[in-house]
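Inspection log for the structure reproduced underneath, given as structure tokens.
The values are calculated or read from the model by the stated rules, or taken from the named source; none is laboratory data. The structure presented is a predicted model; accordingly, all values stated were derived computationally and were not measured. Ideal geometry is used to build each Cβ from the backbone, glycine not excepted, and the neighbour counts take in all protein chains shown. Ligands, DNA and RNA are excluded from the accessible area calculation, which covers all protein heavy atoms including side chains. Shrake-Rupley method; radii C 1.70, N 1.55, O 1.52, S 1.80 Å.
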Amino acid sequence: MMPTRRGRTCILDLGANVDCTPVDLLQFAVIGPAAVRGVVDQVERPSVGLLNIGEEEIKGNDVVKQAAELLKASESHFYGNVEGDDIYKGTTDVIVCDGFVGNVFLKSSEELARMLRDYLREEFTTQLAHQAVRADRASRHQPFPPARGPAPLQRCESRSVCAASW
């Protein structure tokens, strides 16, 4: 299960079956909706997308094209081909792909999540440090409260300067 903008999507396969046949992908399209419908999200009729390099039917390798034909003829709620950006958009409830593609997607997503976490942690830490420095500087440079009473007299070293200032 992967998080999406609309909830979650189930992706099959993420690495167990590197070389899949069109029938394997069809079987994933049966297994995935069963898991989503009955166990995970209680979705009544989960939609199935076939991960491909484009939405168009003419795109993809022979295995993916043949799998798309099988999925169209099946009883699954086949949405059609989906692209990589559809995964996080939540375009479909289930996404079917071979384990090679799925594993590359999974490992890339894991590292992206770690990288974003580290960037955010660094940014928040930097911002907090800057705020602390600004607060410290501001507290040290606060103007003194106004003096009460008359201003203190200053001693003049040179009478001519002091006389001129009277």
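Residues checked against (1) open to solvent by less than 80 Å² (accessible area, probe 1.4 Å); (2) among the small types (Gly, Ala, Ser):
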{"position": "91", "(1), (2)": "yes, no"}
{"position": "103", "(1), (2)": "yes, no"}
{"position": "126", "(1), (2)": "yes, no"}
{"position": "131", "(1), (2)": "no, no"}
{"position": "134", "(1), (2)": "no, no"}
{"position": "139", "(1), (2)": "yes, yes"}
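Go through (1) of a type in the set (S, T, N, Q); (2) surrounded by fewer than 17 Cβ atoms within 10 Å (Cβ to Cβ); (3) over 19 Å from the mean Cα position of the chain (by Cα) for residue 108 and report which single condition fails.
(3)
Rundown of residues vs (1) within 14 Å of residue 24 (Cα to Cα); (2) in contact with a Phe, Trp or Tyr (Cβ under 6 Å, 6 or more places away or on another chain); (3) outside any strand (DSSP E or B); (4) modelled with pLDDT under 95, yes/no style:
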site: 57; (1), (2), (3), (4): no, no, yes, yes
site: 66; (1), (2), (3), (4): yes, no, yes, no
site: 75; (1), (2), (3), (4): no, no, yes, yes
site: 78; (1), (2), (3), (4): no, no, no, no
site: 109; (1), (2), (3), (4): no, no, yes, no
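Return yes or no: is residue 35 surrounded by 13 or more Cβ atoms within 10 Å (Cβ to Cβ) and touching a Cys at 6+ places or on another chain (Cβ under 8 Å)? Reasoning before the result, please.
Details: surrounded by 13 or more Cβ atoms within 10 Å (Cβ to Cβ): yes; touching a Cys at 6+ places or on another chain (Cβ under 8 Å): yes.
It is true that residue 35 is surrounded by 13 or more Cβ atoms within 10 Å (Cβ to Cβ) and touching a Cys at 6+ places or on another chain (Cβ under 8 Å).
Looking at the stretch 17-28, which of its residues are assigned to a helix (DSSP H, G or I) and among the aliphatic types (A, V, I, L, M)?
Quick first cut of the stretch 17-28, residues assigned to a helix (DSSP H, G or I) only: 22-28.
Within the stretch 17-28, 23, 25, 26 qualify.
Can we say residue 21 is among the polar types (S, T, N, Q) and either open to solvent by 50 Å² or more (accessible area, probe 1.4 Å) or at positive phi (or both)?
Working: among the polar types (S, T, N, Q): yes; either open to solvent by 50 Å² or more (accessible area, probe 1.4 Å) or at positive phi (or both): yes.
So residue 21 fits the description; yes.
Those residues that are of a type in the set (A, V, I, L, M, F, W, C) and outside any loop (DSSP other than H, G, I, E, B), I need them from the stretch 39-55; list them, please.
Applying the first criterion (of a type in the set (A, V, I, L, M, F, W, C)) to the stretch 39-55 yields 39-40, 43, 48, 50-51, 53.
Within the stretch 39-55, 39, 40, 48, 50, 51 qualify.
Looking at the structure I just gave you, is residue 3 modelled with pLDDT under 95, of a type outside the set (Lys, Arg) and crowded, with 19+ Cβ neighbours inside 10 Å? Steps first, please.
On the way: modelled with pLDDT under 95: yes; of a type outside the set (Lys, Arg): yes; crowded, with 19+ Cβ neighbours inside 10 Å: no.
Spelling it out, it is not the case that residue 3 is modelled with pLDDT under 95, of a type outside the set (Lys, Arg) and crowded, with 19+ Cβ neighbours inside 10 Å.
Of the residues that make up the stretch 28-48, is at least one on the phi > 0 side of the Ramachandran plot and modelled with pLDDT under 90? Break it down into steps so the answer makes sense when it comes.
Narrowing the stretch 28-48 to residues on the phi > 0 side of the Ramachandran plot: 42.
Going one step further and asking which of them are modelled with pLDDT under 90, we end up with 42.
Within the stretch 28-48 (the criterion being on the phi > 0 side of the Ramachandran plot and modelled with pLDDT under 90), the answer is yes, since at least one residue qualifies.
For residue 31, all conditions in the list (1) closer than 14 Å to residue 101 by Cα; (2) not in a loop (DSSP other than H, G, I, E, B) hold save one; what is the number of the exception?
(1)
For residue 45, indicate whether it is over 19 Å from the mean Cα position of the chain (by Cα), open to solvent by 50 Å² or more (accessible area, probe 1.4 Å) and of a type in the set (Lys, Arg).
On the way: over 19 Å from the mean Cα position of the chain (by Cα): yes; open to solvent by 50 Å² or more (accessible area, probe 1.4 Å): yes; of a type in the set (Lys, Arg): yes.
Yes.
Can you tell me which residues in the stretch 67-89 are open to solvent by 10 Å² or more (accessible area, probe 1.4 Å) and touching a residue at least 60 places away in the same chain (Cβ under 8 Å)?
88, 89, listed by residue number.
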